[in-house]
């Protein structure tokens with residue numbers, strides 16, 4: 001129970017990329033700088049994709065140039081291809097993350113490539129990165145289900161992990177891209193991956209689309225995973241369901257882990273303050289619960305009628 | 001994994017009692033009748049408390065008289081005292097549920113009695129019920145934490161269970177009244193109760209106030225509990241935190257259990273339709289996620305650009 005858990009926050013990339021309103025570069029920098037002080041282990045800061053594909057993150061270079069780096073934090077950027085990797089290296093990111101869906105249909109819908117074409121492109125990213133000393137990790141989207149294809153055979157996920165490992169990734173993220181994972185499935189699949197690659201650094205990325213986000217974290221913990229991605233405030237959504245939530249909320253995740261006695265190195269109060277600031281920046285309600293309800297350790301005064309007892 | 005899980009819905013009592021608007025008796029009856037067809041095992045239909053204390057449920061007799069009983073469903077009502085028990089028996093409920101908080105401060109705030117005074121009152125309820133053949137169950141509020149006192153010593157919860165058993169309850173519900181439970185605590189406390197009273201029928205009542213509701217269910221399942229209370233749509237809230245959610249959502253609970261391979265006997269599609277109807281009746285958004293996002297098995301057509309691949 002005293003195992004250290006590492007928290008990765010993805011709000012600046014995954015949360016902001018589908019935000020309906022433009023968030024100014026200086027607000028993004030403020031957000032990342034605030035997150036850098038909270039004790040999270042990694043911050044996914046931006047994405048070096050085409051500005052046409054993701055207009056909200058067209059300021060990737062300016063964001064990376066503007067943030068104050070905390071040496072204890074790993075600053076990650078998503079890169080889709082060799083061109084993105086060149087930009088990310090020029091911006092001096094600490095780590096690059098690649099993304100491919102294990103579902104062919106989802107990968108084509110997302111990046112208009114087959115899975116094989118995506119991996120071929122990643123080989124070029126490794127070529128670009130060679131000698132840079134920068135780590136590259138690989139994310140497998142739709143690992144726990146695809147909104148088009150449904151359940152993904154375990155073999156496809158194992159194949160994806162194997163291909164990434166062959167290419168030389170420093171770690172793999174299994175992502176439940178549209179919130180289809182259930183705890184039984186998570187525990188079984190993660191155990192299988194850990195059995196086959198006991199030394200592999202695994203991170204889990206869950207969505208709370210159907211309310212199971214933190215239950216899936218619990219299943220990941222049972223399977224021995226110590227790295228979890230969350231999105232500050234639970235910002236983001238689900239492209240298939242207006243009103244549905246997206247990524248699990250970082251502060252709710254940290255709150256649960258601390259309640260259970262896990263150490264994360266995160267200052268939860270600072271994280272909650274940062275989430276409130278995020279609410280001001282985006283100007284709308286966020287799905288995070290602890291910001292609204294307070295921590296379980298925030299006690300209330302007994303009602304006044306108690307005075308007479 | 002093929003263990004049968006029993007679902008208790010409490011929306012008609014716990015959900016509606018704090019609803020800001022009056023819900024007409026015929027709408028309550030409609031809601032309970034719809035729930036009766038879904039396959040839930042128990043329905044907490046109303047509360048025989050003082051109409052002054054809970055004006056929203058002042059039509060308890062009319063509700064019980066108006067519903068169509070499904071013989072497969074147990075219809076439960078909350079009774080606070082002997083007078084309530086007389087009314088509940090006259091209304092021919094199947095089962096009565098008593099509630100006391102394990103926290104002295106919370107019990108005084110909630111019912112203006114000490115814990116000992118509450119149990120003394122329950123003895124009168126048992127006197128009234130004697131010979132009626134009706135089951136009485138006991139709920140222990142704030143079993144996993146009190147908003148005034150904080151963590152509740154395990155001994156107090158064990159004492160509460162012991163007192164209820166001494167009085168002759170048919171089962172005990174451990175309730176996380178303000179959403180303070182965490183999964184580690186749930187598993188430890190429930191295991192302790194089950195070790196001491198292996199034959200006791202235990203139900204768990206969780207709130208999702210801090211996002212941990214379904215994670216706590218997972219912990220309850222690990223500890224062997226097969227009965228869970230939920231509130232249709234996740235209706236309700238937290239008296240200490242405007243905007244925070246209350247009870248776990250029944251349909252999200254059933255959805256998770258089915259995803260994991262558990263049998264509940266519940267028709268999830270009917271339950272989802274009933275939740276949508278609840279949204280029309282109360283006229284506002286509800287916290288339930290699966291209603292918004294769809295089931296994980298509801299697949300989407302591949303995007304049109306796929307046609308060319």
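Selection of region A:273-294 for residues being in contact with a helix residue (DSSP H, G or I) (Cβ under 6 Å, 6 or more places away or on another chain) and either closer than 27 Å to residue A:180 by Cα or within 11 Å of chain B (Cβ to nearest Cβ) (or both) yields A:275, A:278, A:286, A:287, A:288, A:289, A:290, A:291.
For region A:197-219, filtering for residues that are away from chain B (no Cβ under 12 Å), crowded, with 24+ Cβ neighbours inside 10 Å and touching a residue at least 60 places away in the same chain (Cβ under 8 Å) leaves 1. From the list A:97, A:172, A:125, the one residue that fits, being surrounded by 19 or more Cβ atoms within 10 Å (Cβ to Cβ), within 18 Å of residue A:87 (Cα to Cα), at pLDDT 95 or above and in contact with a helix residue (DSSP H, G or I) (Cβ under 6 Å, 6 or more places away or on another chain), is A:125. Is there a residue being within 13 Å of chain B (Cβ to nearest Cβ), farther than 22 Å from residue B:298 by Cα and in contact with a helix residue (DSSP H, G or I) (Cβ under 8 Å, 6 or more places away or on another chain) anywhere in region A:156-169? No - not one qualifying residue is present in region A:156-169.
Could you check region A:53-116 for helices (runs of 4 or more DSSP H) lying wholly inside it with 2 or more residues that are farther than 24 Å from residue A:130 by Cα and without any contact (Cβ under 8 Å) to a residue 40 or more places away in the chain?
Qualifying helices (runs of 4 or more DSSP H): A:104-111.
Here the condition is being free of Cβ contacts under 8 Å to residues at least 12 places away in the same chain, within 12 Å of chain B (Cβ to nearest Cβ) and within 20 Å of the chain's Cα centre (by Cα); of A:258, A:300, it holds for A:258 alone. Within region A:222-244, the set of residues being under 16 Å from residue B:292 (Cα atoms) and either in contact (Cβ under 8 Å) with a residue 60 or more places away in the chain or away from chain B (no Cβ under 11 Å) (or both) comprises A:236, A:237, A:238, A:239, A:240, A:244. Looking across region B:179-196 at every residue that is without any contact (Cβ under 8 Å) to a residue 60 or more places away in the chain and facing chain A (nearest Cβ under 7 Å), the one that is surrounded by the fewest Cβ atoms within 10 Å (Cβ to Cβ) is identified as B:184. The set of residues from region A:268-294 being surrounded by fewer than 17 Cβ atoms within 10 Å (Cβ to Cβ) and outside any helix (DSSP H, G or I) comprises A:283, A:284, A:285.
Against the criterion of being farther than 21 Å from residue A:159 by Cα, away from chain B (no Cβ under 14 Å) and more than 22 Å from the chain's Cα centre (by Cα), residue A:90 qualifies.
The values are calculated or read from the model by the stated rules, or taken from the named source; none is laboratory data. The shown structure was predicted, so the numbers you read here are calculated from the model rather than taken from an experiment. Note that we place each Cβ from the backbone using ideal geometry, even for glycine, and neighbour counts take in every protein chain shown.
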